[in-house]
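Let me begin by presenting the structure, written as structure tokens, before commenting on it.
The values are calculated or read from the model by the stated rules, or taken from the named source; none is laboratory data. Because the structure is a prediction, the values reported are computed rather than measured. Backbone-built Cβ (ideal geometry, glycine too); neighbour counts: all protein chains shown.
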Amino acid sequence: MSCESLGGFHATGEFTTPNIPESAKWHEKACDLGRPAACGFLAAFLLDGSLGHDADVDRAPKLLEKACDGGFPPACKLLGDAYSNGANVPQDRDRASVLYRKACSLGSKLGCEAVEN
């Protein structure tokens with residue numbers, strides 16, 4: 001069983017009690033092993049407050065970049081949103097547009113919708 005799968009099980013409560021900090025631990029390991037989706041999920045936990053107010057949200061953009069570079073479309077869209085809004089990164093709408101187009105090209109419906117707007 002992969003670290004990424006264990007992270008997913010702990011996030012959803014499948015086969016175990018839901019536990020976001022435990023999920024983040026497994027996603028971190030999977031991210032370190034080069035699993036793009038795991039990097040994206042870990043960034044999402046940091047950004048949405050699931051890991052508490054002491055979480056290092058400044059790590060999230062780097063994790064999203066790693067996930068996007070690895071071909072994980074939701075990370076490209078989320079990083080595009082960050083650049084569009086100047087959230088945890090300097091506002092850069094041109095960079096956001098590039099990321100939205102990449103998300104769209106990787107199959108993200110939300111990325112395609114962002115390109116249209």
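Just a yes or no: is a residue in region 87-107 within 17 Å of ALA44 (Cβ to Cβ), of a type outside the set (A, V, I, L, M) and free of Cβ contacts under 8 Å to residues at least 24 places away in the same chain?
no
If only one of LYS77, LYS29 is surrounded by 21 or more Cβ atoms within 10 Å (Cβ to Cβ), out of contact with any Asp or Glu (no Cβ under 8 Å at 6 or more places or on another chain), on the phi < 0 side of the Ramachandran plot and basic (Lys, Arg), which one is it?
Working: LYS29 fails: surrounded by 21 or more Cβ atoms within 10 Å (Cβ to Cβ).
Result: LYS77 is the single residue among LYS77, LYS29 that is surrounded by 21 or more Cβ atoms within 10 Å (Cβ to Cβ), out of contact with any Asp or Glu (no Cβ under 8 Å at 6 or more places or on another chain), on the phi < 0 side of the Ramachandran plot and basic (Lys, Arg).
Hey, can you tell me all the residues within region 6-31 that are farther than 18 Å from ALA75 by Cα, part of a helix (DSSP H, G or I) and not hydrophobic (A, V, I, L, M, F, W, C)?
Of everything in region 6-31, those that are farther than 18 Å from ALA75 by Cα, part of a helix (DSSP H, G or I) and not hydrophobic (A, V, I, L, M, F, W, C) turn out to be HIS10, THR12, PRO21, GLU22, LYS25.
Name the residues in region 33-56 that are touching a helix residue (DSSP H, G or I) at 6+ places or on another chain (Cβ under 6 Å) and surrounded by fewer than 17 Cβ atoms within 10 Å (Cβ to Cβ), would you? Break it down into steps so the answer makes sense when it comes.
First, the residues of region 33-56 that are touching a helix residue (DSSP H, G or I) at 6+ places or on another chain (Cβ under 6 Å): 35-36, 38-43, 45-47, 50-51, 55.
Within region 33-56, SER50 is the sole residue that qualifies.
Taking the condition charged (D, E, K, R), surrounded by 17 or more Cβ atoms within 10 Å (Cβ to Cβ) and in contact with a Leu (Cβ under 9 Å, 6 or more places away or on another chain), does GLU22 pass? Steps first, answer last, please.
Values: charged (D, E, K, R): yes; surrounded by 17 or more Cβ atoms within 10 Å (Cβ to Cβ): no; in contact with a Leu (Cβ under 9 Å, 6 or more places away or on another chain): yes.
No; evaluated as a whole, the condition is false for this residue.
Hey, any hits in region 58-81 for a residue that's out of contact with any Pro (no Cβ under 7 Å at 6 or more places or on another chain) and modelled with pLDDT under 90?
Within region 58-81, one or more residues are out of contact with any Pro (no Cβ under 7 Å at 6 or more places or on another chain) and modelled with pLDDT under 90.
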